[in-house]
Structures are given as C-alpha cells and as structure tokens.
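See structure below.
The values are calculated or read from the model by the stated rules, or taken from the named source; none is laboratory data. Predicted model, so just to flag it, every value in this text is computed and none were measured. When we count neighbours, we look across all protein chains shown, and the Cβ atoms used for this are built from the backbone with ideal geometry, even at glycine. The area values use the complete protein model at the heavy-atom level, side chains included, leaving out ligands, DNA and RNA. Shrake-Rupley method; radii C 1.70, N 1.55, O 1.52, S 1.80 Å.
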Amino acid sequence: MLKLDEVVTYYGPVKALKGVSLEINAGEIVCLLGGNASGKSTTMKTILGLVRPRSGTVSFEGQRIDGLRTGDIVRRGISLVPEARRVFGRMTVWENLTMGAYSRYGAPPAELEHDIERVYGLFDRLRERATQYAGTLSGGEQQMLAIGRALMARPRLLLMDEPSMGLAPALVDQVFDIIQTINNQGTTILVVEQNAAVALSIAHRGYVLQNGSIVLHDNAAALLKTDSIRRAYLGED
Amino acid sequence: MSDILSILPQQLVFGIALGTVYGLLALGYTMVYGVLFMINFAHGEIFMIGAYVGWGLLTILLDAQLGGLHPLWVLPVLLLPAMLFSGGLGVALERFAYRPLYARGATRLGPLISAVGASIFLQNAVMLTQGARMKVYMTNFLFPPTWRFNLFGASISALLVVMVGVATAMMWGLNTLVQRTRLGRAIRAVAEDREMAAAMGVDVGKVISATFFLGSALAGAAGVLIGLYYTQIDFVMGYSAGLKAFTAAVLGGIGNIRGAMLGGLLLGVIESLAVSFINPAFKDVVVFAVLILTLVFRPEGLLGERLADWKKV
C-alpha cells in the first residue's frame, strides 16, 4: 500500500533520513521504533509531503506521491495524528473536526455530519465538549480529538506519531484499543512509538530506525524477543 | 466647564466615526500579524492608494456631469474598485516583497525591512505619477452639507452616518467570514499552527494571499472614507494614518480581530477628545503616548492573550 524506497530527507542542513526503505501492506498495523532524533517524525512528515525528500521515492497504492502537495496526499487517503497532539486550541472541538475534513472540499454536508457522528461514537467525551475550545480539554481528550480530526479525512492509511506520549497508563491502553478498533474497521496504520511494549503488542510488523537508517525489521512477535529491542526499548538488561 | 460639556457630544461623534475607520485599517495589521508574525508597514500606503482610486473615480464621475450623484450608487462605485485595487496590491506586495524572503528562511526582520522599503517605494510611485500636490475630494457634491440632523446637541452629517455604517458593516462581515466560513477557519488554523494547517491539506500560501487581500481591501475602503471625510488627500497620508491604525491594533491586542475594532474605536475617540480638550497640535502626541503606555503596561493589548499563557495550555 505504502512504499518508501531509499528516501533521503534533509531537515535544514541535517541529513535526517539516510536512505529509508519500508513497506506497509493494506490492513496492517506497522510500528516504527527508534530513539530520540532517529528520524521517526521526519519519516511521517516526508510521507505526508510536509518535508520533501532529497532523493528516493514514496509510493502510495502504486503511484508516486513524493512531490505532490500535502492537500493532494491527504485527498488520496493519508492523514496524520501528530506528535504532542497539536489540536487547534483556539478552535472548538467541532471546528477541529471540520478542519480534519478540509481536504474533502465539496463533500455533501450530510456525509461530513455522518463522519462527525462516527468520531463522536468512538469518543463520547468529544460529543459532550463539541462547542468547547480544544485548548481547554485535558491531554487525553486532546489526543482523542487529534485522532478524530485525522479520521475526518477518511484515511486509508493513518500515520500516528507517539499517540501515548504524556498520557496516564490507563489512557494509553484506551488509545491503543482505539487504534486496534480503527484498524479492524479497515484503516491501515503506521504508528511511531517510544512505548515499544504496547506498540508491538498490537502491531503486525515493526521497523527500527537509528540515526536515519532502518537497522532492523521483522514481525512484531519476533521483535519483542530480540535482545537489542529488549535492551533499548523495554528497559531490560 | 460648560463649554467643554457642550462640545463633548460633537467630539464623541467625530471620534466614533474616525474610530470605526481606524478599526477598519487596524484589521489589516492584525490579520497579517496573525498569519505571518510581521508588521506590514506598507499597509498605510495601500490605504493611501485606495483613497487615490476613489478620488480618481469620483473626479471622472463629476467630469461626466451625470447630474444627480446620489451616494446610494456612487459610494459602491467608489468603494468596490478601491477595495479590489488595494486588495490586489496587497496580494502582489506579499507575493513579491515578503514571500521571497520568508520562503527562503529569513528571520522576521527581513520582511519587516522589506515592508518599510515597499512603503517608501509606493509613496514615491504615487508622487511621481499623480504629482506631489494634494488632491481634493468633492465630498459636497455627494453629501450636501444640509444633510444633517441634531442628536443630544451634536450635529451629525449624513457622511458620518455612512462612515460608521459602512465600516461597521465591513467589520461585521469580516468577523463572520473569519468565524463561520471554511476560509476563516483556514486563516485561524494557519495563524495558530501553520504546519498542522498544512497537514490538514490547507494551502498555506493561498491562505496568506487571501489574508492580505482581505486586509488590504478593507484598507482601500478606509482610504475612500477618510478621503471623503477630510476632503483632501496626498501621497504621505498613509504614514500617520498607518501608524495610528497600528497603534489601534496594538492597543486592542495584535493578532486579535475584535481587539483591532475596539482599539480603533478607542483611539478615534481619544484623538478626537485630545483635539478639543488639550490642543489640536498635541493630537499625535496623545495617540503615540497611548502606544507607548500600552507597550509598557499591557503589551498583549486589551483583548490579547499573553503568549506565555497559551504555551502552558
């Protein structure tokens, strides 16, 4: 479904991705692991066209999308749940969801209404707070809003950047339950996580990024048993 | 003392009329600051050029000797082209004078200096093509001096009513656009988090252009209204009017649309009262004292948010 081939991306003068290749099949949950500044977020931004690769190709459903504008990439069915949520704090919950559907210009209002209802169905709290400013929500609620906002684009591939960051353990489980629900409803997911244990428990496969290169790639169960993963991400010696 | 009280209503009326127009002009500063974090110091010149477009059209209409020039149709004929021309000029200014700088990663200072340069360029372009002498708006042909009524001891002319009416309607329209439409949401999204707006599929460049168009079009309308009010315009009129509107934007809270309207209104009234109760020569001193006091005691403005508060959320 999504294929990165030898992607090199610079972040200012820094070579953030040094030839990253990875592949995601339709229906999968793929986990991207890596320490700080290993290039995880840059990988996501490159897929979405927020930063341009210097070389290499990104293809989605068989067609190249590197070089397309972000709006066109979102329209083809990729959307992002960003790191640290980044909801629009000075807009209401409802307006944030509407912004998520920005690329669906011309879609019938009834269709958008239906999708907003779907998000409210997943996250009951958002319905209660529909007219509240997003900046007044708790961290967990903002994370739900960020996921709901991304779903409003009707993605076939959802990019999730550190969805568990800064959340209480109970909420982390809830968020990963929802990720699984979304996946079961037919959305492919690429999730970047520091919390490797939880992420690998729901993922089908995983890649490990280090200093802008993929150093390891296997199915999730095998990665959980790999010594280097246990040491680096699961806190075992 | 009784003298002062007797002219107070009149001065308030002048102040409110002037203030709504300052508010119109202040919106341009505040909107551009909202999306680009820069002060468009050429905004006053866009206002001045709007005044010249209106003057040119009014002169053509008078030369054509059409007979009755009723403001009901003449005013739109002056305002709409002035707004379109000023709006287009604002878009061009951003595209050619500011975007090449910030798109290449210049700091905020680069576009700011470019704006000062654009301001000087536009003043001189108008001086060279239109001459340095002031132009006269034949306001009396449009609004006969007899069109006026008395209210609480103030004499209110039809022109003042029109100024307040047009400016208020435009501010209401802009506020509705920003709060209720898809474009308005996109503008607010870009102002709050440009990268996330882009991630939603917003074409940030187009939204910035639209913002410049809206702010500049309002400045064009303000130019025509001020031309009709003062009846004389010249190529440097944008300088002081621009600084005053900038003051109004800072007073209300730069980046805040309702703040710009409030700041404009307050500043118009303050200026008008200073003229009658202190000394007309001190008019600008009072206005810029307001700027300094705001910056010292409430830099975030009356309706502005403290940036630090937002980072905590």
- Counting only residues that are within 21 Å of the chain's Cα centre (by Cα) and hydrophobic (A, V, I, L, M, F, W, C), region A:95-136 contains a total of 9
- Message: The conditions are (1) crowded, with 24+ Cβ neighbours inside 10 Å; (2) away from chain A (no Cβ under 14 Å), and B:Met200 fails exactly one of them. Which is it?
- Response: (2)
- Message: Which of the helices (runs of 4 or more DSSP H) found entirely inside region A:101-165 contain at least 1 residues meeting this: within 13 Å of chain B (Cβ to nearest Cβ)?
- Response: A:109-122, A:139-151
- Query: Looking at (1) of a type in the set (A, V, I, L, M, F, W, C); (2) farther than 26 Å from B:Phe235 by Cβ; (3) open to solvent by 10 Å² or more (accessible area, probe 1.4 Å), which is the one condition that is false for B:Val35?
  - Reply: (3)
- A:Ala37 is checked against (1) on the phi < 0 side of the Ramachandran plot; (2) in a loop (DSSP other than H, G, I, E, B); (3) more than 14 Å from chain B (Cβ to nearest Cβ); (4) within 18 Å of the chain's Cα centre (by Cα) and fails just one. What number does that condition carry? (1)
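If I ask for residues that are part of a loop (DSSP other than H, G, I, E, B) and either exposed (fewer than 11 other Cβ atoms within 10 Å of the Cβ) or touching a residue at least 40 places away in the same chain (Cβ under 8 Å) (or both), which ones from region B:128-186 would you list?
Answer for region B:128-186, where residues must be part of a loop (DSSP other than H, G, I, E, B) and either exposed (fewer than 11 other Cβ atoms within 10 Å of the Cβ) or touching a residue at least 40 places away in the same chain (Cβ under 8 Å) (or both): B:Ala132, B:Arg133, B:Met134, B:Tyr137, B:Met138, B:Phe143, B:Pro145, B:Thr146, B:Phe152, B:Gly153.
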- Message: Return the pair list, or none, for Cβ contacts closer than 6 Å from residues in region A:94-115 that are closer than 20 Å to A:Asp72 by Cβ to residues that are among the β-branched types (Val, Ile, Thr) and surrounded by 20 or more Cβ atoms within 10 Å (Cβ to Cβ), at least 6 apart or on different chains.
- Response: A:Tyr102/B:Val202; A:Ser103/A:Val74
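Given the residues A:Gln180, A:Gln194, A:Gln132, which is the only one that is on the phi < 0 side of the Ramachandran plot, open to solvent by 30 Å² or more (accessible area, probe 1.4 Å) and modelled with pLDDT under 90?
Working: A:Gln180 fails: modelled with pLDDT under 90; A:Gln132 fails: modelled with pLDDT under 90.
Exactly one residue qualifies, and that residue is A:Gln194.
Rundown of residues vs (1) over 25 Å from B:Ser157 (Cβ atoms); (2) touching a Gly at 6+ places or on another chain (Cβ under 8 Å); (3) among the polar types (S, T, N, Q); (4) outside any helix (DSSP H, G or I), yes/no style:
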{"position": "B:Met48", "(1), (2), (3), (4)": "no, yes, no, no"}
{"position": "B:Ala51", "(1), (2), (3), (4)": "no, yes, no, no"}
{"position": "B:Leu69", "(1), (2), (3), (4)": "no, no, no, yes"}
{"position": "B:Gly110", "(1), (2), (3), (4)": "yes, no, no, no"}
